[in-house]
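Every read-out reported here was derived from the displayed coordinates using simple, explicitly stated rules and does not represent laboratory data. Just so we're clear, the structure is a prediction, and the values are computed from it rather than from any experiment.
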């Protein structure tokens with residue numbers, strides 16, 4: 001995540017802070033502070049100016065700032081809806097574990113291991129933060145019609161039926177060939193596997209982009 005972002009129109013932006021603190025303020029009046037593991041799900045819709053930058057005290061004292069921002073395209077019917085903020089502190093994000101405690105998941109969107117997200121989404125999307133201990137594996141349900149990928153935050157793991165290896169900072173795209181995606185941390189791993197699993201139903205609509213504007217035709221952009 002950069003130290004400043006300016007979102008605008010016709011999308012949703014999902015800011016997930018892993019380390020550090022961000023402060024933000026939108027042109028429609030919403031402002032707040034994002035601490036580690038907090039999530040802000042902003043539906044920009046018809047438009048909003050929204051800077052995010054390191055919190056003043058954090059900037060003064062220093063430290064590690066690490067976060068992920070995902071842009072979610074809105075379907076054509078929702079491009080010009082009114083802006084909306086959902087700011088979810090870490091304590092309100094559902095967390096679940098396998099019975100042996102080897103796999104933990106923070107459920108940002110949709111559901112996993114019996115836990116269901118509190119965030120409401122405009123499009124069908126899965127957003128899960130998994131941590132797998134050495135030797136652990138998980139088969140997460142993902143509808144066949146979804147596109148799915150994982151982004152590795154830390155560690156190294158095996159993904160999909162062919163057990164493709166993915167490492168820190170890499171993205172792995174899953175083939176759309178089943179109702180589950182497989183993730184494993186090898187038994188000889190020296191550290192936990194930390195990753196985001198993200199999936200969504202394709203909109204199958206044309207995309208025309210200019211700067212932060214994402215519409216369906218060039219005429220709409222103009």
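What residue among 180, 145, 99 has the largest mean-square fluctuation in a Gaussian network model of the chain, using Cα springs under 10 Å?
Fluctuation is largest for 99.
Is the stretch 47-149 rounded, prolate or oblate when judged by the Cα gyration tensor, a ≥ b ≥ c being the square roots of its eigenvalues, rounded requiring a/c under 1.5 and prolate requiring a/b larger than b/c?
oblate
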